[in-house]
Amino acid sequence: MAYFKLSSPVPVHDYPYDFHSHLTGILPVRGKDEPSLVRWLSGSDGDAGEVALFQQALSYMLAANPFDYLTRRADRTSYERGECAAENIYIACVLIAQRMRPYESVAELPVTDPRLYRAAQESVRAAMLSPGEDRTWVAALARYFNGKIYSSNKFTPFDDAYKMRSVLTDQVNDAEKKPDGVKFGKKYEDFIVGTLKYLKGKGIKHIQIPAGAGDIDILDAKVEEFNDDENTQYRVLVHTPSAYMSASSLAADLANILKKLTDDKLKCTIGIDLLGVENRVANYDALFDFLRKQKGVLTEALKSKHSKSIVVHIHNGEGASSAADHRSMIGYYLAYGDPAPDADFYKALACYIGRCAQSATERRATESAGTRGAPGYGVGIFSRLFDELFLSSSLTHRGCQLRRFDINGERSRELAAYNAKRSVMALSEMFDSPVEKGGNQTWYALLAGDGSPYTFRLGHDYYYRNFVAAKYPVLAFDTNLGSNAITGAAALFKSAESYRINKGFRHLDGYIDTDVLAAVSASITYMSSDSLNQEQINYYVDLSKKLGDMKDVLADVQVAETIKGFLKGALGPLGYFVADYHYVNFAKLVVSVVGESTEPSVRYQALARVNSIFLNWRSYLLGADGQGVEHSDIQDEFVRMVILIAYNLLPVGQTVLASDTVLTLQRVILSMADAYWLQTIGSLAGERAWGKRNIEALEGYQAPSSVVSLRRGKQDPGQAA
């Protein structure tokens, strides 16, 4: 029967790893009694902190407005990094002017006019000094727009949010008085320490944190100190944004990175992170040439590092779908409108913004009802404003319909998929290329073969993952499906409504379309018997025909040794970690799937599916990428992965999913992450612990166009058995 239900609430382990999260993207915008951008900036999470954070965005528009650069460029078709976030700030300022200065025509000023932002600063300061409605309104506006400026969302690319966070930390650091020759003040040090404390509070004991070369010295020092004090195993990568520029630019950047990797004092700095613009193909040839030339030097450098290898992390398929025709509304008009934006354009745009704000208010009055799994419109003063601006309505000026970036739109989904697929296949071509023209040795053999100091891991790589894993078994991935949902990398949701109804997939509490589970499973956790080789197929077919209880069949010593051999092959470079513990978990899962059935077909499918769980070990290396920017809490990533596997492993013919099965799946996933860290980095930090939330209830119907319902509950965190 396709209907299933969890037998009882399941405790959930903390997943103690984050294999990849960018320094500036980790802190949430706000939090309840935990480190956040608002708390770091102001010392509290109240209205004053929200307004202070918003004021930083206004200061940015006065100092380095992206539209200033865009309007001065001869080529306006290229996306200017930060333009969607800047347009969000502009919209907020128009709303402030319409409310606070309705008769001064401030709202109609161009996006590049500093008077608009100075007026907003003055109005915000005045409102916060008054106890009336204006203060409440401004605080609500700051709260809403901070979430749209410093975090990615359906209408703002993740990279814009990263830029705004970098701007924020730079502005705060520059404003602090420091002794001559000192680059970073105490406020920036507090930002780093707060970030590390946030990670520890989320149950993360091991992480690899990329940051720019200029931040590495202070970050490495703080990480080393934190590891000593808190018994964590945190590491640092040096990132480069130059992979999509000229080969000479990348080579120069890599030369600077080499200085950090060979510095004996930077013991926690263990590798390179190749950032991903990903609407262009990276200069992999320049990267590989650098790795070839510095192979000996970096092998020697490892002697002083807290790592067994030099990590080479390559962003691959992150979901970059911004383009000339997929960007901010103003940027789109700059590229395609005729003539360029003038007074009439900005007057029309300001009127449009005001009308959409009014429409959002009216909708809230009639569409606010909802349920736990499918929330309504929201009760905030500005709730769903962006839906009105960029989705439900549109503005056409002089025959040009303004478009806005939308991760759920067809254009976004196609661009993200195309760029991701092109990126991963370009890397594959590079790995297959000969090191020397006409030679036999490939780059893959040279850089990833025996004796290499490098550990390659691909970030994201949602597309063509099975192909990459099969062809290049030494490569691994870090999986961040929560990030992929908000960046659009996976192209899972075809509309805002599809995005919202799948709250269970995004936030692990609510509903999940089974079609979404099927699509993600096919890309990330493929569990068909197609993944077996002929030897395994023949053996499992014969084994499935054996008489007797399945538990007894698997207890046979010869059977155990044969299957352990299969598991070692499935785990590739981690194969030597396979022990009796792994076979015990294998047997538990098979017996759970088979149940009381004696049908050979049922037994065969159970053996094949559980074998594939071990084959998919690379997908269990989870990385949030940036929890605060991309809404991808690592413990949610863990539960999401458990549910993906459990859904495809459901016992055939049974309506009950045993809670013990879900617990065993957790242990298998954790053991893969443990083994990978041990092999590539080194020591583990402490014992496993229980997380803060369990899986309270899980039920669904295993069929296309159906649903899975997930409910979480609280549990006592602490050491796990």
May I ask you to say which residue of V516, V520 is free of Cβ contacts under 8 Å to residues at least 40 places away in the same chain, outside any loop (DSSP other than H, G, I, E, B), within 24 Å of Q702 (Cβ to Cβ) and within 20 Å of the chain's Cα centre (by Cα)? V516
Condition broken by D68, with the remaining ones in (1) over 27 Å from A211 (Cβ atoms); (2) in contact with an Asp or Glu (Cβ under 9 Å, 6 or more places away or on another chain); (3) of a type in the set (D, E, K, R) satisfied: (2)
Just to verify a result, which residue in the range 1-51, among those that are in a helix (DSSP H, G or I) and hydroxyl-bearing (S, T, Y), is farthest from Y162 (Cα to Cα)? S42
Can you find even one residue in the range 359-375 that is at pLDDT 90 or above, within 21 Å of G147 (Cβ to Cβ) and of a type in the set (A, V, I, L, M, F, W, C)? yes
What is the number of the single condition among (1) among the aromatic types (F, W, Y); (2) part of a helix (DSSP H, G or I); (3) in contact (Cβ under 8 Å) with a residue 40 or more places away in the chain that Y69 does not meet? (3)
Answer residue from the range 78-128, given it is of a type in the set (F, W, Y) and within 36 Å of the chain's Cα centre (by Cα) and is nearest to R404 (Cα to Cα) among those: Y79
Any residue in the range 445-456 that's hydrophobic (A, V, I, L, M, F, W, C): show its pairings with residues that are part of a helix (DSSP H, G or I) and buried (at least 19 other Cβ atoms within 10 Å of the Cβ) at Cβ separation under 8 Å, as long as the two are six or more apart or on different chains. L447/F288; L447/L291; A448/F431; F456/L447; F456/A448
Just one of (1) closer than 27 Å to V474 by Cβ; (2) under 18 Å from the mean Cα position of the chain (by Cα); (3) of a type outside the set (G, A, S); (4) not in a helix (DSSP H, G or I) trips up E436, so point out which. (2)
For the range 600-610, indicate whether the set of residues that are buried (at least 23 other Cβ atoms within 10 Å of the Cβ) and outside any helix (DSSP H, G or I) is non-empty. no
Going through the range 444-482 in order, the residues found to be in a loop (DSSP other than H, G, I, E, B) and modelled with pLDDT of 90 or more are G449, D450, G451, S452, P453, Y464, Y472, P473, V474, L475
Of all residues in the range 528-547 being farther than 21 Å from A469 by Cβ and out of contact with any Lys or Arg (no Cβ under 6 Å at 6 or more places or on another chain), the one that is surrounded by the most Cβ atoms within 10 Å (Cβ to Cβ): L543
Taking the range 400-420 and the residues there that are under 18 Å from Y499 (Cβ atoms) and of a type in the set (S, T, N, Q), the one that is surrounded by the most Cβ atoms within 10 Å (Cβ to Cβ) would be S412
Residue under evaluation L141, criteria (1) surrounded by fewer than 17 Cβ atoms within 10 Å (Cβ to Cβ); (2) aliphatic (A, V, I, L, M); (3) in contact with a Leu (Cβ under 7 Å, 6 or more places away or on another chain), criterion not met: (1)
Residues that are modelled with pLDDT of 95 or more and more than 25 Å from G623 (Cβ to Cβ): which helices (runs of 4 or more DSSP H) entirely in the range 152-267 hold 1 or more of them? 158-175, 186-201, 247-261
Candidates R640, R712, R667, filtered to the one that is outside any loop (DSSP other than H, G, I, E, B) and in contact with an Asp or Glu (Cβ under 8 Å, 6 or more places away or on another chain): R712
Any residue that is under 23 Å from K503 (Cα atoms) and in a helix (DSSP H, G or I) - is there at least one of those in the range 677-698? no
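The values are calculated or read from the model by the stated rules, or taken from the named source; none is laboratory data. Note that the coordinates shown come from a computational prediction; the quantities given were computed from them, not determined experimentally. So basically every Cβ, Gly included, is an ideal-geometry build from the backbone, and we count neighbours across all protein chains shown.
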